[in-house]
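Single-structure report; data block below.
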Amino acid sequence: MGPKLRLGDILVEQKKITHEQLMHALGVQKQSNFSKKLGEIFIEEGLVSEKDLATILASQLGYSFLDLYSVDIDFSVLKNYSLNLLKNADAIIFKEDEDFIHIAVADPLNVEAMESLENIIIIKPIKFYISLKHDIKHVFERLEIIETAQVLMNQVKQEIASKEFKLDNEQSSIMLLIMQILKSSIINGASDVHIEPNEYDVSVRNRVDGVLREIFVLDIEVYNALASRIKILGNLDISEKRKSQDGRFSMNVMGRNFDFRLSTAPTLHGESIVMRILDQEKILLTLDQLGMSEKNLGKFQDLLKSPYGIVFVTGPTGSGKTTTLYAALNDIKDIKNKIITIEDPIEYQLPLVQQMQTNDKIGYGFADVLRSVLRQDPDIIMVGETRDEETLSTAVGASLTGHLVFSTLHTNDAPSAITRMVQMGLPSYLIADSLVGVVTQRLVRKVCTFCKKEHKPQRSDIAKVKAYIPENSTFYSGEGCSKCAFSGYDGRIMICEILMIDDALSSQISLGKNRYELKEAAVKNGYEPMLIDGITKALEGTTSLEEVLRVVKI
């Protein structure tokens, strides 16, 4: 069936591509001396997505398309077959029952690979499915991860079964497992560690450059001991499993001191545990290291020179707001100024800055601390987060009495910060009098410089940004290499938009104009949406267009 299938004709027939695009792809294939498959070329040229191609092939060949993340893979079955054979065929055996051996393949048109599977697996008939290549690759990675952790897990299980098992033993196998998890996470450059129990196993994942990656798969038998030991480290109640808890602990890992912010939350199969990694030796970024464009950096520095008023940095959790505020304070700190910060928690220590920690348990929240700070004769105040109307009113009041105030809000764009303040109960005239600027930001992954290459995005993505890019624009992506853990990305950079409040915009705010009217007025004042900054960085090759569209709404 494979050789008879004319993939290009089917795509033309289904209007996924044009006849001219098919001819172009065939020309590219000929130039490569037919070393490239036509399907690969369609994907590389941005004509179809991998999933579109897989579902079309499944439909034409009479197979089912299978999402490997939707099935429980029986890893014990895989051990009975040659993994090298399966890897070479881009195939995974995910189940065996009385009637069939169920195999997911990435390329059903690879007749040689399909025949080799049928020749070697002869004990039962094979039932083929079509899955995405990167999903199959992840299953093999998961298998390797399981094998790596198996030795340590066996030690933990033996220790748990013994009568001498004690949770507080610093030399126990469970403590060695925790140290191994933390060590691997730090080596990977992770910002967070996620430990998530499932029905049959425990997934340990790292958030690296804003994206989660699985690093360990543990047996469910070790979960209770693992969770309890981590909770002891964070001084949490190990008997309380019905509600969320927050804690903190410090540990020396590989000769360096790290703080870990700990959070637990009850889920269907146990408590989900998240640890934020805080490196106390990490060098704080300066303003010119944030990744702002020259134009945006100039605007931001103008905001920092304001004698009084309030400046908001907005964006979702994990968008780098705190890093931006620290960089700003680091830039303007001076022996002549008194700078006080109100944080929850204090993540990094700043010289020449008085840092204060909130404590909701004793009724010492942001608004309470801010009122006491105003009696400390500060010049500049940083409020870690404006969570409610009371904190907002106090911060605005401080900005109107000669203080420069920095704070954060959770909004999707800069004009929305104004309407958010109104929703929180602040009168429009007070916003107009106090607000001097809003910075809204996101973090995008940077294309790996070691495997960077020209890349043609999907046509649907190009269509979204067509109005903002020149004709025949060139974009870039990373192929994946050992330097970037085969992700194609290495590190992150900020994209942002800055809204400067001038007299005209202040007048519009005081009149209670809505978000769209404010945005229109801001554009006349030189405001550029964050998408422009993201596309500029994509055209420069700093990031990819797909990454910009992942974090910015159009």
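The values are calculated or read from the model by the stated rules, or taken from the named source; none is laboratory data. In this text the structure is predicted, and so the values were computed from the model without any measurement. All Cβ positions, glycine included, derive from the backbone under ideal geometry; neighbour counts span all protein chains shown. Quick note on the areas: whole protein, heavy atoms, side chains included, nothing else; ligands and nucleic acids left out. Shrake-Rupley method; radii C 1.70, N 1.55, O 1.52, S 1.80 Å.
Output the residue which, of all residues in the range 505-541 that are touching a Ser or Thr at 6+ places or on another chain (Cβ under 9 Å) and polar (S, T, N, Q), is modelled with the lowest pLDDT.
Restricting to residues being touching a Ser or Thr at 6+ places or on another chain (Cβ under 9 Å) and polar (S, T, N, Q), the top hit is Asn514.
When only residues in the range 377-399 that are touching a residue at least 40 places away in the same chain (Cβ under 8 Å) and among the hydroxyl-bearing types (Ser, Thr, Tyr) count, which is nearest to Ile335 (Cα to Cα)?
Ser399
Which of the strands (runs of 3 or more DSSP E) found entirely inside the range 449-508 contain at least 1 residues meeting this: of a type in the set (A, V, I, L, M)?
Once the strands (runs of 3 or more DSSP E) in the range 449-508 are filtered for at least 1 residues that are of a type in the set (A, V, I, L, M), what remains is 489-500.
Quick one: is Ser250 over 22 Å from the mean Cα position of the chain (by Cα), outside any loop (DSSP other than H, G, I, E, B) and hydroxyl-bearing (Ser, Thr, Tyr)?
In short, yes.
Would you point out the residue of the range 62-82, among those that are surrounded by 14 or more Cβ atoms within 10 Å (Cβ to Cβ) and part of a helix (DSSP H, G or I), that is modelled with the lowest pLDDT?
Phe75
If you check Ala113 against the conditions, is it out of contact with any Pro (no Cβ under 8 Å at 6 or more places or on another chain), farther than 30 Å from Tyr200 by Cα and among the hydrophobic types (A, V, I, L, M, F, W, C)?
Spelling it out, Ala113 is indeed out of contact with any Pro (no Cβ under 8 Å at 6 or more places or on another chain), farther than 30 Å from Tyr200 by Cα and among the hydrophobic types (A, V, I, L, M, F, W, C).
Yes/no matrix, rows are residues, columns are (1) modelled with pLDDT of 95 or more; (2) within 25 Å of Pro351 (Cβ to Cβ); (3) open to solvent by less than 20 Å² (accessible area, probe 1.4 Å); (4) touching a Gly at 6+ places or on another chain (Cβ under 6 Å):
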position: Leu285; (1), (2), (3), (4): no, yes, no, no
position: Leu290; (1), (2), (3), (4): no, yes, yes, no
position: Glu294; (1), (2), (3), (4): no, no, no, no
position: Pro307; (1), (2), (3), (4): no, yes, no, no
position: Ile310; (1), (2), (3), (4): yes, yes, yes, no
position: Gly315; (1), (2), (3), (4): no, no, yes, no
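Filter the range 88-146 down to the residues that are closer than 16 Å to Phe65 by Cβ, open to solvent by 80 Å² or more (accessible area, probe 1.4 Å) and assigned to a helix (DSSP H, G or I), then identify the one that is modelled with the lowest pLDDT.
Among those that are closer than 16 Å to Phe65 by Cβ, open to solvent by 80 Å² or more (accessible area, probe 1.4 Å) and assigned to a helix (DSSP H, G or I), it is His134.
Within the set of pairs 6+ apart or on separate chains, which have a first residue in the range 403-423 that is in contact (Cβ under 8 Å) with a residue 60 or more places away in the chain, a second that is assigned to a helix (DSSP H, G or I) and open to solvent by 10 Å² or more (accessible area, probe 1.4 Å), and C-beta atoms under 6 Å apart?
Pairs found: Thr408/Lys321; Leu409/Arg420; Thr411/Arg420; Pro415/Arg515; Pro415/Lys519; Ser416/Arg515; Thr419/Arg515.
Do any helices (runs of 4 or more DSSP H) lying entirely in the range 326-441 carry at least 3 residues that are open to solvent by 60 Å² or more (accessible area, probe 1.4 Å), and which ones are they?
In the range 326-441, 389-400, 414-423 are the helices (runs of 4 or more DSSP H) which contain 3 or more residues that are open to solvent by 60 Å² or more (accessible area, probe 1.4 Å).
Each row is one residue, and each column tells you yes or no for (1) open to solvent by less than 60 Å² (accessible area, probe 1.4 Å); (2) in contact with a strand residue (DSSP E or B) (Cβ under 7 Å, 6 or more places away or on another chain).
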residue	(1), (2)
Gln158	no, no
Leu176	no, no
Gln180	no, no
Asn188	no, yes
Ile195	yes, yes
Ser203	yes, yes
Ile220	yes, yes
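Return yes or no: is Arg459 within 28 Å of the chain's Cα centre (by Cα), open to solvent by 70 Å² or more (accessible area, probe 1.4 Å) and farther than 30 Å from Ser184 by Cβ?
Answer is yes for this residue.
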